[in-house]
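Here the structure comes first, spelled out in structure tokens, and everything after it is commentary.
The values are calculated or read from the model by the stated rules, or taken from the named source; none is laboratory data. Everything numeric here is computed off the predicted structure, so don't read it as measured data. What goes into the accessible areas is simple: the full protein's heavy atoms, side chains included, and nothing from ligands, DNA or RNA. Shrake-Rupley method; radii C 1.70, N 1.55, O 1.52, S 1.80 Å.
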Amino acid sequence: MQYLMLVRVDPELADTTTVGDVAPWVEEGARRGLRVQGAAVEPPETARTVRVRGGETLLSDGPFLETKEYVAGLDVLSCETLDEALELAAAHPLARFHMVEVRPFWGG
């Protein structure tokens with residue numbers, strides 16, 4: 001089954017882990033065949049939001065959320081069970097300081 005793993009960071013804690021710290025986690029997930037793909041994403045201020053209302057496409061800068069945490073990266077995991085995906089997510093270095101969210105893909 002495939003799972004989406006979102007790495008959400010608090011900008012006040014953003015300097016607690018470097019990208020280099022994540023490399024062993026990436027390599028281990030790939031070696032075990034559990035990490036299908038993943039990448040860091042640009043910060044929220046680079047985002048654009050698209051909405052279609054009444055047939056009109058509305059674009060805005062953002063997103064502007066009520067929370068200070070934002071998605072900093074994502075990974076697609078291929079694991080036998082949710083427990084296996086959660087174990088892999090818990091081993092991610094950023095989970096020690098930030099939040100890692102795991103969701104199964106719709107329809108399994």
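Given the criteria in a loop (DSSP other than H, G, I, E, B), hydroxyl-bearing (Ser, Thr, Tyr) and either open to solvent by 60 Å² or more (accessible area, probe 1.4 Å) or at pLDDT 95 or above (or both), does Thr57 qualify? Give the derivation first.
Values: in a loop (DSSP other than H, G, I, E, B): no; hydroxyl-bearing (Ser, Thr, Tyr): yes; either open to solvent by 60 Å² or more (accessible area, probe 1.4 Å) or at pLDDT 95 or above (or both): yes.
Considered against the rule, which asks whether it is in a loop (DSSP other than H, G, I, E, B), hydroxyl-bearing (Ser, Thr, Tyr) and either open to solvent by 60 Å² or more (accessible area, probe 1.4 Å) or at pLDDT 95 or above (or both), Thr57 comes out as no.
Considering region 73-94, the residues that are among the aliphatic types (A, V, I, L, M) and either outside any helix (DSSP H, G or I) or within 11 Å of the chain's Cα centre (by Cα) (or both) include one that is farthest from Tyr3 (Cα to Cα), namely Leu94.
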